Amino acid sequence: MKMLSEKATCNSHGQDSSYFLGWQEYEKNPYDEIQNPKGIIQMGLAENQLSFDLLESWLAQNPDAAGFKRNGESIFRELALFQDYHGLPAFKNAMTKFMSEIRGNKVSFDSNKLVLTAGATSANETLMFCLADQGDAFLLPTPYYPGFDRDLKWRTGAEIVPIHCESSNGFRITKSALEEAYLDAKKRNLRVKGVLVTNPSNPLGTTLSRKELELLLTFVDAKGIHLISDEIYSGTVFNSPNFVSVMEVLIEKNYMKTDVWERVHIVYSLSKDLGLPGFRIGAIYSNDEMVVSAATKMSSFGLVSSQTQYLLSCMLSDKKFTKKYLSENQKRLKKRHAMIVKGLQNAGINCLESNAGLFCWVDMRHLLSSNTFDAEMDLWKKIVYDVGLNISPGSSCHCSEPGWFRACFANMSEDTLNLAMRRIKDFVKSTATNDINEISHQNQQQTNANSKKKAFSKWVFRLSFNDRQRER
């Protein structure tokens with residue numbers, strides 16, 4: 001008799017992905033300026049540590065919020081007792097207003113349509129449970145966040161079908177790519193229930209254009225399926241073009257009175273924009289009452305603590321603070337992004353042009369020994385073990401072209417990033433030197449072979465000449 005369930009013993013979690021294996025190697029040998037200066041630098045973690053000082057300053061200036069007080073009176077007992085899973089109204093109101101602020105107040109959100117979850121991971125999985133049955137499929141443009149293999153598939157039994165995007169057009173979503181993915185799913189006898197996109201993109205660091213958003217809405221309208229827009233990086237846009245939410249295009253294109261209005265859902269989180277992944281604040285926003293109702297019931301399995309909600313409702317309600325934070329954080333991201341791009345360029349490495357996120361999509365195709373994913377993994381292992389940088393290979397993001405890597409830049413100090421750039425530059429230089437030496441060695445071998453061939457030819461000629469002289 002089996003002692004464990006199939007879920008417990010199956011291998012569909014994705015933990016064996018190189019994305020997670022890189023983390024494991026980092027944890028065995030983490031870089032520390034003093035304790036372990038030759039350790040692995042973590043560039044595989046999309047975490048925003050650039051603006052903690054702004055958060056800490058606010059906490060220092062607002063001791064009541066951090067001390068669970070209201071007007072100087074303790075509300076610890078109130079927060080410690082059981083809370084309804086709908087969430088604190090004050091926090092949901094503050095959250096929806098913050099979401100609007102990030103989008104330039106071009107759209108507004110109704111807090112009654114917001115469902116709180118324990119992070120975006122829980123939000124995406126909950127939506128899968130609401131929208132798809134086991135064996136149903138969602139289409140995702142590649143490259144995509146490696147964690148989706150876990151978040152969307154592991155417990156739900158849903159399938160992911162890739163929408164293959166290419167570097168030739170900057171990995172933009174096209175009508176032909178959407179149709180090909182849809183047909184591929186049909187050939188596999190999968191029922192397509194929707195499309196999921198990240199906007200801004202993880203791992204590309206780019207925002208979807210209006211044209212792409214309009215294309216997606218036209219596609220899901222024609223197919224009668226859902227669209228999930230994961231917008232957890234919406235507040236990290238640091239360069240033009242500006243961020244455009246799918247909600248904005250829905251309204252502009254007058255979808256409000258169509259059934260598409262209820263088939264578009266947004267995922268949001270404070271993990272990236274505020275740099276608070278440990279607080280586990282996620283959210284689902286949907287115009288479908290049944291989705292909101294079902295997701296709210298499911299949120300019982302991953303609630304946000306009342307203490308966290310209270311603290312952040314105070315913080316997000318301080319509009320002077322949120323305005324300053326968003327502006328300053330974007331400036332810091334822009335500066336840090338420029339640092340890594342310049343550092344990589346100095347090493348002879350280019351990145352996809354990007355305007356958002358906490359990472360760069362790095363082009364190392366010229367460093368591959370061959371145009372294969374095996375060569376990509378060989379290069380990745382050298383970068384992790386020899387160079388001491390944990391970056392994520394494109395294959396872990398299901399990129400269809402070998403040689404691309406995701407490198408994060410906002411989870412470390414400037415000194416650590418500069419060290420990482422020196423390491424990669426030295427690696428590229430040594431690789432080039434080794435290539436030159438190898439070519440020189442091959443040329444020398446060819447020269448020696450040619451010399452031996454010439455000497456042999458001369459010896460044969462002399463031997464033949466002497467024989468002819470004797471015959472005479």
> Relative contact order of region 63-317: what whole-number percent is it, with Cα pairs under 8 angstrom and at least 6 residues apart?
Replying inline: 28 percent
>> What is the angle, in °, between the Cα long axis of helix 306-317 and the longest principal axis of the Cα atoms in the chain? Nearest 10 is fine, range 0 to 90.
In response: 90 degrees
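Taking all protein chains together and a probe of 1.4 Å, list 365, 422, 263 from the most accessible to the least accessible. Working shown, then result.
Numbers: 365 95, 422 135, 263 30 Å².
Reading off the accessible areas and sorting them downward yields 422, 365, 263.
Determine the shape class of region 63-317: with a ≥ b ≥ c the square roots of the Cα gyration tensor eigenvalues, call it rounded for a/c under 1.5, and otherwise prolate if a/b is greater than b/c, oblate otherwise. Before the final figure, lay out each step's value.
Working: a/c = 2.00, a/b = 1.66, b/c = 1.21.
It comes out prolate by the Cα gyration axes.
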> If we sort 121-129, 396-404 on the protection proxy, mean other Cβ atoms within 10 Å, highest first, what's the order?
Replying inline: 121-129, 396-404
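Could you grab the relative contact order for region 154-260? Cα pairs under 8 Å, six or more apart, rounded to a whole percent.
Numbers: 100 pairs, mean separation 25.4, N = 107.
Normalised by residue count, the contact order of region 154-260 is 24 percent.
When you count, for each residue, the other Cβ atoms within 10 Å and take the mean per peptide, how do 380-389, 30-39 rank with the highest first?
Values: 380-389: 18.4, 30-39: 11.4.
Going by the mean number of other Cβ atoms within 10 Å, highest first, we get 380-389, 30-39.
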> What whole-number value in Å² describes the accessible area per residue of region 16-120 for a 1.4 Å probe?
Replying inline: 55 Å²
> Round to a whole number: what % of the accessible area of the chain belongs to carbon and sulfur, probe 1.4 Å?
Replying inline: 51 percent
>> Angle check, please: helix 119-131 long axis (alpha carbons) against the longest principal axis of the chain (alpha carbons), in degrees 0 to 90, nearest 10.
In response: 80 degrees
> Which Cys in the chain stand alone, with every other cysteine's Cβ at 4.7 Å or more from theirs?
Replying inline: 10, 130, 165, 314, 397, 399, 408
> Where does helix 289-298 land angle-wise versus the long Cα axis of the chain, in degrees 0 to 90, nearest 10?
Replying inline: 80 degrees
> What shape does region 1-78 have by the C-alpha gyration tensor, where a ≥ b ≥ c are the square roots of the eigenvalues, rounded means a/c under 1.5, and otherwise prolate means a/b greater than b/c and oblate the rest?
Replying inline: oblate
>> If each DSSP helix of 4+ residues adds -39,500 (n - 2.57) and the sum is divided by the residues in the chain, what number results at 222 nm, nearest 500 deg cm²/dmol?
In response: -14500 deg cm²/dmol
> Where both residues lie in the chain, what percent of DSSP beta bridges are antiparallel, nearest 5?
Replying inline: 50 percent
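If a/c stays under 1.5 just call it rounded; otherwise compare a/b with b/c (prolate if a/b is bigger, oblate if not). Do that for the chain, with a ≥ b ≥ c from the square roots of the Cα gyration tensor eigenvalues.
Numbers: a/c = 2.46, a/b = 1.84, b/c = 1.33.
Prolate.
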> Mind listing the phi-derived Karplus ³J(HN,Hα) values for region 388-396, rounded to whole Hz, using 6.51, -1.76 and 1.60 with θ = phi - 60°, and x for any glycine or proline?
Replying inline: x, 10, 9, 10, 9, x, x, 4, 5
>> Roughly how far apart, in whole Å, are the Cα centres of region 223-245 and region 1-78?
In response: 24 Å
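Among the listed pairs 97/334; 211/253; 335/429; 106/253; 106/320, which are separated by more than 22 Å between their Cα atoms? All intermediate terms of the calculation are to be shown ahead of the outcome.
Details: 97/334 25 Å; 211/253 12 Å; 335/429 26 Å; 106/253 14 Å; 106/320 19 Å.
The pairs that break the limit, which is 22 Å between Cα atoms, are 97/334; 335/429.
Highest mean first, how do 94-100, 332-338 rank when packing is the count of other Cβ atoms within 10 Å averaged over residues? Display every interim value, and only then the final one.
Details: 94-100: 21.3, 332-338: 17.4.
The densest-packed peptide leads the list: 94-100, 332-338.
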> Amide H of residue 226: which non-local residues (sequence gap of 5 or more, or other chain) have their own amide H closer than 5 Å, using H built in the peptide plane?
Replying inline: 194, 195
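If I take every Cα pair under 8 Å that is 6 or more residues apart in the chain, average their sequence separation and divide by the length, what percent do I get for the relative contact order?
Details: 770 pairs, mean separation 102.3, N = 472.
Relative contact order comes out at 22 percent.
The values are calculated or read from the model by the stated rules, or taken from the named source; none is laboratory data. Because the structure is a prediction, the values reported are computed rather than measured. Ideal geometry is used to build each Cβ from the backbone, glycine not excepted, and the neighbour counts take in all protein chains shown. Areas reflect the complete protein model, heavy atoms only, side chains present, ligands, DNA and RNA absent. Shrake-Rupley method; radii C 1.70, N 1.55, O 1.52, S 1.80 Å.
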